[in-house]
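J.: Attaching a single structure in structure tokens format; questions to follow.
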Ligand SMILES: Nc1ncnc2c1ncn2[C@@H]1O[C@H](COP(=O)(O)OP(=O)(O)O)[C@@H](O)[C@H]1O
Ligand SMILES: [Mg+2]
């Protein structure tokens, strides 16, 4: 409709146009990229770990004194825990998924290769490990009691059979079943055989691009350093009570150690992703602040223009504009300004994304973010200008002759 | 063309009532050039605003080109104003951010003419006021007299039934005022119906007919000989 004269009139007030246009452009660029980062973090946080998180917790202790017997303590502790009413199962374990601390190794398909094919997290568990974790076995079998061995600082090589996460199997042998395959954890020692595959098992490093989903269960108990860590699974609803109970009992069984506070897997997940959550909160605040500032900027600018142009509006009415036409004039003007800003903002949004990709290993912004952001800002602009535009439409036509 | 019978206009604020027009009757025929004079605050602008449908009236009857405008809604009044009225303001009221072409275009867009029709009308009316060469100029680049001629072109462009001018020369020096007055006279000679409010007796004398307003009431000089003695508008009698 009136776009050309509106545009040429706007070109005569370039400073305001540039200011509000740039504000809209910046808002689009930052909001699109922030929303994308938020959605990426949310997707990261929503990935299932593959284990039972609701009913599991971990507890650890450090033994002291000359004659501290790791193997015996393990046996006593596990027997105690497994006999407690409400405990579903318990296992020794060296690290917890998403906890950001653990053991990793490189895997090689052949003995000759210099660099490994894939990295993996190692979980040392006993024959109760799979059941305690609640990981879903999709091929092969669980460990037998007789397969569980002790591992100390001097132990070389690896047990004959291990259980592997499906993602790792697909990485090592794309398109083939991992079950029964052999892989080298140490190229100078015999390979290990995949005796079971679990659907998912996250590594302790949820932010690692290389090995977040790559894990191996190894049937060994780490002895010799006096450190013990257990994973316990309880019946639903009994976790918190059993955490306290087991913490206390471990201290009673063996006085020559310090029991560390038991921590639920839910809490570990929360801590593991705390940075992501903080980032999401900050970005949400940034987005909200930008949208509010932009909306207020539009309201302020439009109000100013309506006041400044009161006589002009009266004149337009005197020349035959209906109220609706005046309203539409200001809505259209806002649409034109917003569109100019969005055109610049779209370029800035992609540029900003490229910069994030180069400097922060960000992913490519999906194409639909910018169009969606444009629609949102168009709507925001129209809503923001509606008040001033309605005020303009109520300027009486007599303003043309009455005001000086 | 324009007929008001016993029209009244009351401005009400919470403190006072102002009777701007009372028992106001006037009949302007097609092709007439009427000058409206009167002291400041007598109701001249109020009359013109009501005549041009910028304001509503309180009582009485008003027919514009045979149409009873009482009780018309705002949109209908706007459309009627756009179609039948050409306004010329004391302060020109051009839109500073639009060039001459776009200024004259404003009422034509409200009318809904297509682009070719608008272009034709804009060029014709700017040519009529002698400003064809300045279409791309902005109002601030013109003298006051030229700006008022643009405003007249804008008023003419829609082929209105009647031109309403409120002190059209009030902001101009004598020479420019003469030029604008000459233009109005030429338009009248070509058949335009014009109502012009002025406080300048010399200009009023050049109109075909004079209407004097005092205290919100019409005092028609010809039918009210007693007014002569007061010497309010000595030169107004001349035209028949
Ligand atoms: N919007 C208004 N509200 C209240 N009083 C008004 C308004 N407009 C005009 N008046 C009053 O109406 C009377 C006539 O005003 P106006 O028609 O402007 O006179 P003129 O144009 O002859 O100088 C004056 O007393 C003026 O103060
Ligand atoms: Mg006046």
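Just so it is clear, none of the values below were taken in a lab; they were calculated from the coordinates. The structure presented is a predicted model; accordingly, all values stated were derived computationally and were not measured. Reconstructed Cβ throughout: ideal geometry from the backbone, glycine too, with neighbour counts over all protein chains shown.
J.: Indicate the gyration tensor shape class of segment B:92-144 (rounded, prolate or oblate), computed on the Cα atoms with a ≥ b ≥ c the square roots of the eigenvalues: a/c under 1.5 is rounded; otherwise a/b larger than b/c is prolate and the rest oblate.
T.: Oblate shape, in that a/c is at least 1.5 and b/c is the bigger or equal ratio.
J.: Also, I was wondering about something else. Please report the spacing between the Cα centers of segment A:77-100 and segment B:116-156 in Å, no decimals.
T.: 91 Å
J.: Need one word for segment B:7-106: rounded, prolate or oblate. Basis is the Cα gyration tensor (sqrt eigenvalues a ≥ b ≥ c); a/c below 1.5 gives rounded, then a/b vs b/c decides.
T.: Prolate shape, in that a/c is at least 1.5 and a/b is the bigger ratio.
J.: Sort B:104, A:31, A:192, A:18 by Cβ crowding within 10 Å, fewest neighbours at the top.
T.: A:18, A:192, A:31, B:104
J.: Continuing with the same structure: Can you give me the angle between helix B:144-157 and the longest principal axis of chain B, using Cα atoms only, in degrees from 0 to 90, rounded to the nearest 10?
T.: Orientation of helix B:144-157: about 90 degrees from the principal axis.
J.: Also: At a Förster radius of 51 Å, what calculated FRET efficiency corresponds to the Cβ-Cβ distance of residue B:25 and residue B:114, to the nearest 0.05?
T.: With a Förster radius of 51 Å, E is 0.80.
J.: From a point 7 Å beyond the Cα of residue A:113 in the direction of its Cβ, which residues of segment A:176-213 have a backbone N at a distance under 13 Å?
T.: Those under the cut-off are A:182-187.
J.: Of A:98, A:348, A:11, which is the most mobile in a GNM of chain A whose springs link Cα atoms less than 10 angstrom apart?
T.: For chain A, modelled as a Gaussian network with Cα springs under 10 Å, the answer is A:11.
J.: Something else about it: Rg over Rh of segment A:317-397, using C-alpha atoms and the Kirkwood radius, what does it come to?
T.: In segment A:317-397, Rg relative to Rh is 1.23.
J.: Next up: What share of all Cα pairs of segment A:65-255, in percent, falls into each consecutive 10 Å distance bin?
T.: Final binned percentages: 9, 35, 36, 16, 4, 0.
J.: Spin-label point model (7 Å from Cα, Cβ direction): what's the residue A:284 to residue A:170 distance in nm?
T.: Label-label distance for residue A:284 and residue A:170, simple model: 3.1 nm.
J.: Now a separate question. For each of A:290, B:48, count neighbouring Cβ atoms within 10 Å of the residue's Cβ, then give the residues from fewest to most.
T.: With the sparsest Cβ surroundings first, the list reads A:290, B:48.
J.: For a quick check, take a GNM of chain B with Cα springs below 10 Å and name the residue from B:55, B:124, B:190 with the largest mean-square fluctuation.
T.: B:190
J.: So if R0 is 60 Å, what FRET efficiency would residue B:61 and residue A:363 give, r being the distance between their Cβ atoms, rounded to the nearest 0.05?
T.: Once rounded, the FRET efficiency stands at 0.20.
J.: For a paramagnetic label modelled at 7 Å from the Cα of residue B:13 toward its Cβ, which residues of segment B:34-48 fall within the zone defined by backbone nitrogen distances under 17 Å?
T.: Output list for this probe position: B:41-43, B:46.
J.: Report D for chain B in µm² per second (integer): Stokes-Einstein, Kirkwood Rh on Cα pairs, 20 °C, 1.002 mPa s.
T.: Reported coefficient: 116 µm²/s.
J.: Return a whole-number percent for the relative contact order of chain A, with Cα pairs under 8 Å and 6 or more residues apart as the contact set.
T.: 27 percent
J.: Right, something else. Provide a whole-number value for the mean count of partner chain Cβ atoms within 10 Å of the Cβ atoms in peptide B:38-46.
T.: Per residue, the average neighbour count from other chains is 1.
J.: Per residue, what volume in Å³ does the Cα convex hull of segment A:99-161 take up?
T.: About 147 Å³ per residue, rounded to a whole number.
J.: Helix-derived [θ] at 222 nm for chain B: sum -39500 (n - 2.57) over DSSP H runs of at least 4, divide by residue count, nearest 500?
T.: -10500 deg cm²/dmol, from helical runs alone.
J.: Looking at chain A as a GNM with Cα springs under 10 Å, which of A:341, A:314, A:169 has the largest mean-square fluctuation?
T.: The residue that fluctuates most here is A:314.
J.: Mind jotting down the distance between the C-alpha centroids of segment A:298-313 and segment A:14-46, whole Å?
T.: Computed from Cα coordinates, the inter-centre distance equals 27 Å.
J.: Once all Cα-Cα distances of segment A:1-149 are split into 5 Å bins that start at 0, what whole-number percent is in each one?
T.: 1, 6, 9, 12, 12, 10, 8, 7, 5, 4, 4, 4, 5, 4, 4, 2, 2, 1, 0
J.: If you count, for every residue in B:149-161, the Cβ atoms of partner chains within 10 Å of its Cβ, what is the mean?
T.: That average works out to 1.
J.: I've got another one for you. Quick one: angle between helix A:70-83 and the longest Cα principal axis of chain A, in degrees between 0 and 90, rounded to 10, please.
T.: So the inclination is approximately 70 degrees.
J.: Angle between the Cα long axis of helix B:115-128 and the longest principal axis of chain B, 0 to 90 degrees, nearest 10?
T.: Around 70 degrees separate the two axes.
J.: Sticking with this one: Could you list A:214, A:68 in order of exposure, starting from the residue whose Cβ has the fewest other Cβ atoms within 10 Å?
T.: So the ranking, lowest neighbour count to highest, is A:68, A:214.
J.: Still on this structure, please answer the following. Antiparallel versus total DSSP beta bridges in segment A:65-255: what percent is that, nearest 5?
T.: The answer is about 60 percent antiparallel.
J.: Okay, next question. Please express the shape of the protein assembly as shown as an equivalent ellipsoid: the semi-axes are the square roots of 5 times the eigenvalues of the C-alpha gyration tensor, given largest first in whole angstrom.
T.: 93, 25, 17
J.: Now a separate question. Show me the three semi-axes of the equivalent ellipsoid for segment A:202-255, from the C-alpha gyration tensor (sqrt of 5 times each eigenvalue), largest first, rounded to whole Å.
T.: Rounded to whole Å, the semi-axes are 28, 19, 10.
J.: So how much slack lies between residue A:383 and residue A:64, counting 0.36 nm per residue of separation and subtracting their Cα-Cα distance, in nm?
T.: 108.0 nm is the gain from fully extending residue A:383 to residue A:64.
J.: For Cα pairs less than 8 Å apart in space and 6+ apart in sequence, what is the mean separation divided by the residue count of segment A:65-255, i.e. the relative contact order in percent?
T.: 32 percent
J.: Still on this structure, I have one more. Rounded to whole Å, give me the distance from the Cα center of segment A:346-404 to that of segment B:1-43.
T.: Each part reduced to its Cα centre gives a spacing of 48 Å.
J.: How high is the relative contact order of segment A:333-404? Use alpha-carbon pairs under 8 Å, at least six apart in sequence, and give a whole percent.
T.: Value for segment A:333-404: 39 percent.
J.: Would you calculate the separation in nanometres between label points at residue A:355 and residue B:40, each defined as 7 Å from the Cα along the Cα-to-beta-carbon direction?
T.: Taking the two extended label points, one gets 6.0 nm.
J.: Related question: Label points 7 Å out from Cα along the Cβ direction at residue A:136 and residue A:261: separation in nm?
T.: My value for the distance between the label points is 3.4 nm.
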